[in-house]
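FYI, it's all coordinate maths here, none of it is from the lab. Because the structure is a prediction, the values reported are computed rather than measured. Every residue, glycine among them, receives a Cβ derived from its backbone with ideal geometry; neighbour counts consider all protein chains shown.
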Amino acid sequence: MVKVGIIGLGGMGNMHFGIYEGLPGAEVVALADVEEERLKPGASSTAFNLGEGAAVIDPQRHRTYSDPGELLRDPEVDLVDICLPTYLHAECTISAIEAGKNVLCEKPMALSTKECQRVLDALEGKDVKLMIAQCIRFWPEYAYLKETVESGRMGRLCSARFWRGCSSPDWTWRHWMKDAELSGGAVLDLNVHDADFVHYLLGRPKAVCSTGAIGPSGGYDIVETVYVYEDKISVCSGANMALPPAFGFEMRYLASFEKGCLAFSSANTPALMEIAESSSTHPELRHTDGYHEELAYLVKCIENDELPGVVTPESAAFSIELVEAEVRSIETGQVVEL
Ligand SMILES: NC(=O)c1ccc[n+]([C@@H]2O[C@H](COP(=O)([O-])OP(=O)(O)OC[C@H]3O[C@@H](n4cnc5c(N)ncnc54)[C@H](O)[C@@H]3O)[C@@H](O)[C@H]2O)c1
């Protein structure tokens, strides 16, 4: 049984809490948050745009700490799950590694490549597992796209266009997400999902070319990027975190192959369509999501003492390098080589 301690009980921390509580092989034993209100017996889920966690704090089963350092010193905790605001990711991940814990840290890995390097340095020679929660790698419709590309059953991939958007978040703790200094704005917070998936799917691009617009966070809350590859393939991504609240949240992709295309939108029912010359079908995928899949995967890796190869720390760090290249491209108006 993997004993889990969660740090940060906001939207994502509560989501993870709810998932672990139903996951065979995992048991939440400790919770930490600076807001004592969030640690009270019976406290549960802070609403955010992706639904609510389902778990409730039970003092018989969950030790609570207002200081994350105490959770890191809790000898029963095997896996520390960091769901803190992004500006605290690197520092907390390093402390958890130094405390000898396995770590899951929410995406993005850190605010900058410099911080990512500090995390990678801290990991060097340590017998612990670190996975960054790049949940899109585990999302059934995106995993289906990867399988389709790799199997070649629809022929060669010719183009892929990824996009996600929502309103400027009003739900985060002290509005940290609305400050690009703390969140990185949409180019980091939202676009990292698609930048990450692009290189997971197709390898490292040669260069990026981006445009962007400043939004409510004071950073680039609207971004469009073209990823340049050696072979003749057209790949781009977009993100917008400056939409009206009534928009809700949507992620989508359109991937076209020699023999058809895959069209996915989280706003559609059915969400995924496979379209060939004269037919269109709805692939039956498992009823799950990337959050459940990533946590189940990491718990299995820890149980089996295997490194989590689906998201290595180095590949998650490269996603931050890509985002930084996108920002340089926006600011210089140039194609940025990688
Ligand atoms: N994978 C995804 O799809 C996804 C979706 C949403 C958020 N996220 C990521 O999850 C992370 C958390 O986002 P969120 O929406 O849950 O934020 P949030 O503001 O809802 O929650 C943050 C929590 O951290 C606590 N906190 C702040 N400072 C602390 C400290 N020093 N010590 C202990 N607790 C502290 C706050 O009290 C709050 O409960 C972010 O990095 C975000 O990018 C990922």
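Remarks
- Under Karplus coefficients 6.51, -1.76 and 1.60, residue-wise ³J(HN,Hα) of the range 313-319 in Hz, glycine/proline x: x, 5, 6, 5, 5, 5, 4
- Global geometry of the range 83-233, whether rounded, prolate or oblate, following the gyration tensor of its Cα atoms and the 1.5 cut on a/c: oblate
- C-alpha long axis of helix 191-202 to longest principal axis of the chain, angle in °: 60 degrees
- Subtracting the Cα-Cα distance of Thr332 and Arg156 from their residue separation scaled by 0.36 nm leaves 60.0 nm.
- Helix axis angle, 89-98 relative to the chain longest principal axis, alpha carbon, degrees: 50 degrees
- Put simply, the amide H of Ala133, placed in the peptide plane, has neighbours under 5 Å in Cys105, Glu106, Lys107, leaving out anything fewer than 5 places away on its chain.
- For Lys300, a cut-off of 27 angstrom between C-alpha atoms picks up these lysines, skipping any fewer than 8 places away in its own chain: Lys3, Lys101, Lys107, Lys126, Lys129, Lys146.
- Relative to the dominant Cα principal axis of the chain, helix 11-21 is inclined by about 70°.
- Mean-position separation - Cα centroids, the range 172-186 and the range 237-271, in angstrom: 24 Å
- In terms of its C-alpha gyration tensor, the chain has a prolate overall shape, because the principal axis ratio a/c (a ≥ b ≥ c, square roots of the eigenvalues) is not below 1.5 and a/b outweighs b/c.
- Note on Val226 and Glu306: the model spin-label points, each 7 Å out from Cα along the C-beta direction, lie 4.0 nm apart.
- Prolate/oblate/rounded call for the range 279-338, Cα gyration tensor, a/c under 1.5 rounded: oblate
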